[in-house]
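Worksheet: one structure, shown below.
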Amino acid sequence: MQKASVIKAVLTAGCVALFALSAPVSADVKLNGSGASFPFPIYSKWFKDFSKEHKDIRVDYQSKGSGAGIQDLINGTVDFAASDAAMEDAEIAKVKQGVVLLPMTAGEIVLIYNLKGVKDLKLSRAAYAGIFSGTITKWNDPAIAATNPGVALPDKAITVVTRSDSSGTSYVFSGHLAAISEAFDKAVGKSKQPNWPSSGKFVAAPKNDGVTAQVQQNEGAIGYVEYGYAKLTGWKQVAQLENKSGNFVAAGPLTGAAALAASEFPGGTLPNSDVPNLIAWNWDPAGAESYPIVSYTWMLFYKDQDDAKAAALRKLVKYGIEEGQKIADSMGYIPLPENVQQKVLEAAEFIQ
């Protein structure tokens with residue numbers, strides 16, 4: 001892979017994070033948000049384009065991780081937040097104004113690696129669960145070699161790169177691993193900050209760009225990032241993963257949509273609220289063509305707030321659903337199904 005181009009792309013993404021989300025300074029309504037880095041590339045595009053169309057509304061968003069976004073919402077320091085982990089009941093209960101959780105887009109989590117001479121890599125469920133459990137430590141381990149016949153796998157230690165921040169990406173990834181591996185569930189568990197093995201070969205870095213940089217700097221490394229981020233940075237070494245049906249599939253719009261189709265919303269309302277419950281998980285999707293690690297990602301709003309900001313936020317949601325979905329595929333995200341779009345628009349009316 002051409003490392004210079006990846007570094008340039010990562011630096012560009014960093015610049016976007018700092019500058020792209022602001023509308024003109026003369027805006028009448030200013031909306032401040034924070035949270036998930038998983039949807040940041042598409043959110044940055046949405047917010048920038050939205051602000052061009054609505055010059056009286058300024059949207060600023062800080063990509064700092066799902067856990068930090070949720071905490072900012074609880075602390076009342078933002079007007080909205082974003083999380084790949086939605087919110088837990090206990091977290092929802094801490095928000096006195098009530099919350100509205102809306103799935104705004106969806107994506108896949110991929111495993112990127114840095115292994116010289118290995119262009120194509122297939123990892124079985126046992127293999128990638130073992131790598132992130134710390135029980136598979138060499139690239140030429142039989143569990144990896146068995147699904148890669150003819151590939152010259154080196155007798156080299158695996159460096160495992162994880163997220164250091166409280167991350168919805170970690171929550172989704174560890175939730176999937178816990179669903180497919182009892183050993184992983186017991187040893188590490190599902191969490192926004194999983195209890196990764198204590199080993200010199202486990203390295204932590206913040207956000208997607210930090211994980212990417214660590215994988216890039218360490219030959220023999222593997223890490224998890226959001227598919228859209230890997231696509232936008234031009235990362236070439238992305239593993240195919242074994243799904244529930246036993247097929248090895250690559251991340252992409254078709255395999256992601258196939259997995260998402262198997263997700264169902266629970267119905268009913270959020271705890272102690274009349275707001276529709278739009279939190280859906282599918283930790284191990286069925287289907288021959290389904291990519292195994294896929295999730296919605298949510299924007300989080302106060303149910304009761306300033307009227308002008310509530311009106312602006314409803315406009316922002318409407319834009320993301322009606323216009324934003326049109327660019328999802330090109331940016332490496334999964335467009336929301338039409339029935340989900342309608343549910344989101346209806347639930348957005350609870351932002352008052």
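The values are calculated or read from the model by the stated rules, or taken from the named source; none is laboratory data. Bear in mind the structure is a predicted one, so any value in this text is a computation, not a measurement. Methodologically, a virtual Cβ is constructed for each residue, glycine included, from the backbone with ideal geometry; neighbour enumeration extends over all protein chains shown. We work out accessible area using only protein heavy atoms, side chains counted, and drop any ligands, DNA or RNA first. Shrake-Rupley method; radii C 1.70, N 1.55, O 1.52, S 1.80 Å.
Side notes on the structure shown:
- Contour excess over end-to-end distance, with Cα ends at PHE265 and ASP329 and 0.36 nm allotted per residue: 20.8 nm
- Accessible area per residue was computed with a 1.4 Å probe on protein heavy atoms; THR135 scores about 100 Å².
- When its C-alpha radius of gyration is set against 2.2 N^0.38 Å (N residues), segment 86-162 gives a value of 1.67.
- In this calculation the C-beta distance from ASP120 to ASP304 is compared with R0 = 45 Å, giving a FRET efficiency of 0.30.
- Links that overshoot a 22 Å alpha carbon limit, given the list LYS122/LYS231; LYS186/LYS231; LYS119/LYS190: LYS186/LYS231; LYS119/LYS190
- Across every direction, the projection of the convex hull enclosing the Cα atoms of segment 155-297 has a mean area of 10.2 nm².
- 17 Å cut-off, amide nitrogen to a point 7 angstrom out along GLU346 Cα→Cβ, residues in segment 258-291: 264-270, 274-280
- Spin-label proximity, LYS201 to segment 133-167 - amide N less than 13 Å from point 7 Å beyond Cα toward beta carbon: 133-144, 154-161
- Taking TRP283, TRP196 and ordering them by how much accessible surface each has at a 1.4 Å probe, largest first, produces TRP283, TRP196.
- Apportionment of accessible area to carbon and sulfur, the chain, percent (1.4 Å): 50 percent
- Accessible area of TYR171 (1.4 Å probe, protein heavy atoms only, ligands and nucleic acids ignored): about 30 Å².
- Mean projection area, nm², convex hull over Cα of the chain: 16.5 nm²
- Accessible area expressed per residue, the chain, with surrounding protein chains retained (probe 1.4 Å, Å²): 41 Å²
- The calculated 222 nm mean residue ellipticity attributable to helices in the chain amounts to -11000 deg cm²/dmol, summing -39500 (n - 2.57) over DSSP H runs of n ≥ 4 and dividing by all residues.
- Burial ranking of peptide ranges 248-257, 37-46 (average Cβ count within 10 Å, highest at the top): 37-46, 248-257
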